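The values are calculated or read from the model by the stated rules, or taken from the named source; none is laboratory data. Quantities reported herein were computed from a predicted structural model and do not represent experimental measurements. Cβ atoms come from the backbone with ideal geometry, glycine included; neighbour counts cover every protein chain shown. These area figures cover heavy atoms from the full protein model, side chains too; ligands, DNA and RNA do not enter into them. Shrake-Rupley method; radii C 1.70, N 1.55, O 1.52, S 1.80 Å.
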Amino acid sequence: DYRQENYALKNGIKVKLNDDERLEYIKAILYSIRGNDLVKHLFYTIADKNIRSGIELFIDFCRSGYLKSDDFFKVRATNGEYIIPNHMMVNAVIRGNRKYYNSGQSKIKNLFSSDYKDDFVDPFIRVDILNWLNENKNKEGTNNARGLHSIKKVMESLVFVGHQSSAIMREINYLVREKLIVCDSVGDKIKEFDSIRLTALGLMHLHLLATPVYLEACSEDIYYNKPEIVKRISDRLKEKDYLKISNVIGNISDMLEYLSLYKNEYLAPKVEVFNGDGVCIYDLNAPYKGLESIKHKPSVKVEELKEKYQPGMQIEVIVTQVIEGGIFVSINFEAEGFIPRFRTFGIEINEFNISDILYANIIKYREDHKRFELEFVNKIA
């Protein structure tokens, strides 16, 4: 509470703050957000240039029970050298001030959600809609616009692999409403002949599928048809320290076991559709890699990023900040890049906005700035 004057640390010590000191703690929180690439990109993408939305997200973040006053005290006391653990920061964004994750109450949605009233409680509809749009984002669709495709075409493709048409349309409406995809319709009612494309927020959700914190949250909010899996997860959630590492690994493992069983039993692995394109059910490779990452805790080293993103490669990036001297961008939410003003090739800086999706070429990795230097190619969205 911003009106509160006394704060208790975990060890019982009380800290009294005046107005100026409270401002310093707000700065410490902002420093923590900016110092965590994933959390920073979550904020930029969710807010999507909406100041009110950004403020609301920041307030929810500050109120989250996953961040303690001790953490912000350490950030301030060490002049920003203390780093709040990544899983705590991401949980603060995903869960807010709730103990258990609820997709309907979170800015971050569960891509494996389903409706128990359906004949088949299908956990792949949302992720397959987004995945289809992502796989076809570089193909010309409606009015020869790249990445913009008719709902009718999307539905035809997904029905062929086993999804119900009514459920697909319902989830498309949901994803449009939650801004993970955008529709070209000017009316309130979305129709089959309208067209849709993936947004930066939708793309970010697909990248989160490799993030253990997100996967664990989803595992708490799924309709399982296997009672033994339900019992194992519910027993872990009853524990006091329900987010300890062994429980996180167990919950993600059980969720992926269920998803794999459902996929193999009810959905076709691959079907050739009218235009000859292969339409695949989401392959779960990224979630399994996310699970392995938390088991072995590998750190992403600079050398690995330099090997992955080499000079001359053309990549897709999302704008996270625009300044007079150039554009800061996120590279697949795992590395930061910068496009200097002189590398925008005549495009004015004020024509770029936060959450724009661009194509850019990698020039080199700048050791002095710990990020990639890029050059602008063109805008995607």
Condition test on Phe112, is it more than 30 Å from Asp37 (Cβ to Cβ), in contact (Cβ under 8 Å) with a residue 40 or more places away in the chain and among the aromatic types (Phe, Trp, Tyr)? no
Being surrounded by 14 or more Cβ atoms within 10 Å (Cβ to Cβ), of a type outside the set (Gly, Ala, Ser) and within 26 Å of Ala335 (Cβ to Cβ) narrows it down to one of Lys74, Lys49, Lys107, so name that one. Lys107
Return the pairs, sorted by first residue and then second, in which the second residue is part of a loop (DSSP other than H, G, I, E, B) and not aliphatic (A, V, I, L, M), the first residue lies in the range 348-369 and is modelled with pLDDT of 90 or more and surrounded by 15 or more Cβ atoms within 10 Å (Cβ to Cβ), the beta carbons are less than 6 Å apart, and the residues are 6+ apart or on different chains. Ile362/Tyr309; Ile362/Pro311
Residues of the range 333-347 being open to solvent by less than 30 Å² (accessible area, probe 1.4 Å), in a loop (DSSP other than H, G, I, E, B) and either β-branched (Val, Ile, Thr) or at pLDDT 85 or above (or both), in sequence order, are Thr344
Of all residues in the range 169-194, count the ones that are without any contact (Cβ under 8 Å) to a residue 60 or more places away in the chain, part of a loop (DSSP other than H, G, I, E, B) and of a type outside the set (D, E, K, R). 5
Subset of the range 160-189, residues at pLDDT below 90, of a type in the set (A, V, I, L, M) and buried (at least 16 other Cβ atoms within 10 Å of the Cβ), comes to Val161
Filter the helices (runs of 4 or more DSSP H) completely within the range 195-274 down to those with at least 1 residues that are open to solvent by 10 Å² or more (accessible area, probe 1.4 Å) and under 15 Å from Val127 (Cα atoms). 200-208, 245-266
Sole miss for Phe376 among (1) in contact (Cβ under 8 Å) with a residue 24 or more places away in the chain; (2) under 23 Å from the mean Cα position of the chain (by Cα) is condition (2)
Among the helices (runs of 4 or more DSSP H) confined wholly to the range 7-101, which include 2 or more residues that are modelled with pLDDT of 70 or more and over 16 Å from the mean Cα position of the chain (by Cα)? 19-34, 51-63, 69-77
